[in-house]
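*Asks:* Before I ask anything, here is the structure I am working with.
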Amino acid sequence: MKPKPGVEKTAGAELGLVERAMRDVRALIRSEELMPGDVLPSEAALAERLGVSRPVTREALRGLATLRVLDIGNGRKARVAMPDASSLSVILDHTTYSGRLSIQQILDVRRTLELRTVSLAAMRRSDADAAELLTIVQAMFDALEADQGAIMELDIRFHEIIARASGNLLYSILIDSFRVITRQTWAIGWRSRGNLENRTENIRCHERIATAIMTQDSIRAEAAMSEHFDSAVTVLLRAGVT
């Protein structure tokens with residue numbers, strides 16, 4: 001049953017108010033120079049300040065929380081959130097599911113990003129970053145014949161540390177957003193590698209990347225990352241993932 005025209009008009013008007021309120025809250029954050037962790041005024045105070053009802057203000061806050069602009073919940077006042085990749089992950093997942101973006105297209109974009117992040121990481125990494133990458137590689141070797149799920153999570157963490165070590169928060173957010181796709185395709189690629197020798201070589205490639213970052217050799221790091229993506233593309237194509 002279609003909604004009555006008056007109902008549609010009312011719903012549309014309310015949605016417009018919510019969207020306006022979301023923009024106004026973001027403007028308030030900027031004008032007040034609020035940083036992650038800072039508390040916003042109460043819902044009632046915000047409603048009065050924005051010139052909208054409390055229900056509209058509540059929906060605006062929920063919308064901004066979904067986008068990870070705010071943290072809300074547990075009866076606390078809304079706080080400015082630390083930026084993360086969660087909302088971008090949802091967009092990537094939905095775009096892939098709807099058929100507008102293929103896995104190979106994602107890999108193409110990701111490869112471009114990660115060739116840059118690994119080069120920057122080699123130049124800018126901290127000693128702690130380098131040590132953690134090598135620790136992850138050893139953990140991957142240790143789990144090789146026991147826990148494929150653990151290797152997948154270590155693999156995801158490996159790439160996220162490299163992005164973080166690049167020193168550019170946007171790279172970190174973009175690379176973190178790919179984890180939702182990685183968790184959907186990783187097991188396919190692992191099975192496609194077929195045997196222990198090929199799977200061991202995959203981890204050795206991670207080791208070459210980590211070693212190049214440790215020695216701050218950006219050229220070797222980029223070459224090893226390129227090799228890694230060549231392999232990832234090939235095994236997924238072999239498994240029929242296009």
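*Asks:* Once phi is turned into ³J(HN,Hα) by the Karplus curve 6.51 cos²θ - 1.76 cosθ + 1.60 with θ = phi - 60°, what whole-Hz value does each residue of segment 198-207 show in order, with x for glycine and proline?
*Replies:* My calculation for segment 198-207 gives 5, 5, 5, 5, 4, 6, 4, 5, 4, 5 Hz in order.
*Asks:* If you find the alpha carbon centre of segment 21-58 and of segment 97-127, how far apart are they in angstrom?
*Replies:* 35
*Asks:* Now a separate question. Charges on Cβ only, +1 for Lys and Arg, -1 for Asp and Glu, centred on the Cα centroid of the chain; of Leu50, Asn168, Met82, which one is farthest towards the dipole's positive end?
*Replies:* Farthest towards the positive pole: Leu50.
*Asks:* Now, a different point. Past the 25 angstrom mark, what percentage of all C-alpha to C-alpha distances in the chain do you count? Don't jump to the answer; show the numbers that get you there.
*Replies:* Values: 15914 of 29161 pairs.
Roughly 55 percent, once rounded to a whole number.
*Asks:* What net charge do the residues around Thr215 carry, taking every other residue with its C-beta under 12 Å from that of Thr215, with Lys and Arg at +1 and Asp and Glu at -1?
*Replies:* Details: positive: Arg125, Arg208, Arg220; negative: Asp217.
Once positives and negatives cancel, what remains is +2.
*Asks:* As I understand it, the value is the acute angle between the Cα axis of helix 54-66 and the longest principal axis of the Cα atoms of the chain; what does it come to in degrees, rounded to 10?
*Replies:* Helix 54-66 sits at roughly 10 degrees to that axis.
*Asks:* Expressed as a rounded percentage, what relative contact order does the chain have, with Cα pairs under 8 Å and six or more residues apart? Kindly include the intermediate steps, with their values, before the conclusion.
*Replies:* Values: 260 pairs, mean separation 47.4, N = 242.
Once normalised by length, the contact order is 20 percent.
*Asks:* For every other residue with a beta carbon closer than 14 angstrom to the beta carbon of Ala45, add +1 if it is Lys or Arg and -1 if Asp or Glu, then tell me the sum.
*Replies:* Net local charge, Ala45 excluded: 0.
*Asks:* Each residue of segment 144-151 in order: what ³J(HN,Hα) in whole Hz does its phi give by Karplus 6.51 cos²θ - 1.76 cosθ + 1.60, θ = phi - 60°, with x for Gly and Pro?
*Replies:* After applying 6.51 cos²θ - 1.76 cosθ + 1.60, I find 3, 9, 10, 9, 5, x, 5, 5 Hz.
*Asks:* Nearest 500 deg cm²/dmol is fine: what mean residue ellipticity at 222 nm does the chain get from its DSSP H runs of n ≥ 4 alone, each adding -39,500 (n - 2.57), divided by its residue count?
*Replies:* Working: 11 runs with 180 residues, N = 242.
Mean residue ellipticity, 222 nm, calculated: -25000 deg cm²/dmol.
FYI, it's all coordinate maths here, none of it is from the lab. If you're wondering where the values come from, they're calculated on a predicted model, not measured in any experiment. Quick reminder, even Gly has a Cβ in these numbers, built from the backbone with ideal geometry, and neighbours come from all protein chains shown.
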